[in-house]
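See structure below.
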Amino acid sequence: MLGVEIVVSQRERSPFPVDAVVLEDDTYSVLGADPVVRPSTEHPIRVWTALQDVVAATPGSVIVRRGRPLRLLAVVHDLSAEPTWREEWIAEALREIVRTVDARRIRSLALPPLGAVHGRLPPERFASLLRAALDAGAPSTLVRIWIVAPAGLREPLDEAIAAAADPAGAAPP
């Protein structure tokens, strides 16, 4: 996929250091929220007022969060919809990730198989959508992608990524 090395491995086995990590998220960042509830010093009315002003993120968008590594929140779920994800949202998020990576001159990226973490997108479709995003965006600085495989998906993802990298053996996006 245009000279980008793609390695599939589990979370426990980081194959290389990454400059940015992608996290699968939803329109209100519920999936990415800290599961630990912390006591607030804010008055409850102020908290409630602040919640009233929260605006949903657009499905398919990517929210950039500072830090090392940089965090890219891929908004591919809308928890008020059934199913919560759409293939077109995943495709758009992958294209946006490629644009963001290129704009920020990121060289290495950790990426879960979007739609397979909290959804049921087949590994073959994810690989095809990733290939299409990389081919269309042609990032100039991206050298390596680590596909962070959930338990049980490492082998199917590895095979799907290999097939997508070979244009003769891959299904069209």
Inspect the range 83-90 for any residue being over 20 Å from V64 (Cβ atoms) and part of a strand (DSSP E or B) and give the result as yes or no.
-> yes
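Of a type in the set (K, R) and either part of a loop (DSSP other than H, G, I, E, B) or touching a Cys at 6+ places or on another chain (Cβ under 7 Å) (or both), is that true of R99?
no
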Please determine, by comparing only the residues of the range 64-98 that are out of contact with any Lys or Arg (no Cβ under 9 Å at 6 or more places or on another chain) and among the acidic types (D, E), which one is farthest from L129 (Cα to Cα).
-> E82
For the range 1-60, how many residues are out of contact with any His (no Cβ under 7 Å at 6 or more places or on another chain), outside any strand (DSSP E or B) and of a type in the set (A, V, I, L, M, F, W, C)?
-> 18
From R86, R107, residue being of a type in the set (K, R), over 17 Å from I63 (Cα atoms) and within 14 Å of the chain's Cα centre (by Cα) | R86
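Picking from A93, A138, A110, which residue would you name as being crowded, with 19+ Cβ neighbours inside 10 Å and touching a Leu at 6+ places or on another chain (Cβ under 7 Å)? Even if it seems obvious, please write down each step before you answer.
Details: A138 fails: crowded, with 19+ Cβ neighbours inside 10 Å; A110 fails: touching a Leu at 6+ places or on another chain (Cβ under 7 Å).
Among A93, A138, A110, only A93 is crowded, with 19+ Cβ neighbours inside 10 Å and touching a Leu at 6+ places or on another chain (Cβ under 7 Å).
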Among the residues listed as S61, S9, the single one being hydroxyl-bearing (S, T, Y), out of contact with any strand residue (DSSP E or B) (no Cβ under 6 Å at 6 or more places or on another chain) and surrounded by fewer than 21 Cβ atoms within 10 Å (Cβ to Cβ) | S9
What are the residues in the range 23-68 that are closer than 19 Å to V117 by Cα and free of Cβ contacts under 8 Å to residues at least 12 places away in the same chain, if any?
-> A33, D34, P35
Any idea how many residues of the range 149-160 are in a strand (DSSP E or B) and crowded, with 24+ Cβ neighbours inside 10 Å?
-> 0
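Against the definition (buried (at least 18 other Cβ atoms within 10 Å of the Cβ), at negative phi and in a loop (DSSP other than H, G, I, E, B)), how does A116 come out, yes or no? So that I can check it myself, show each step before the final result.
Numbers: buried (at least 18 other Cβ atoms within 10 Å of the Cβ): yes; at negative phi: yes; in a loop (DSSP other than H, G, I, E, B): yes.
Here the answer is yes, as A116 does meet what is asked.
Here, each number is a calculation from the coordinates, and none is a lab measurement. Computed from a predicted structure; not experimentally measured. No Cβ is skipped: glycine too gets one built from the backbone with ideal geometry, and neighbour counts run over all protein chains shown.
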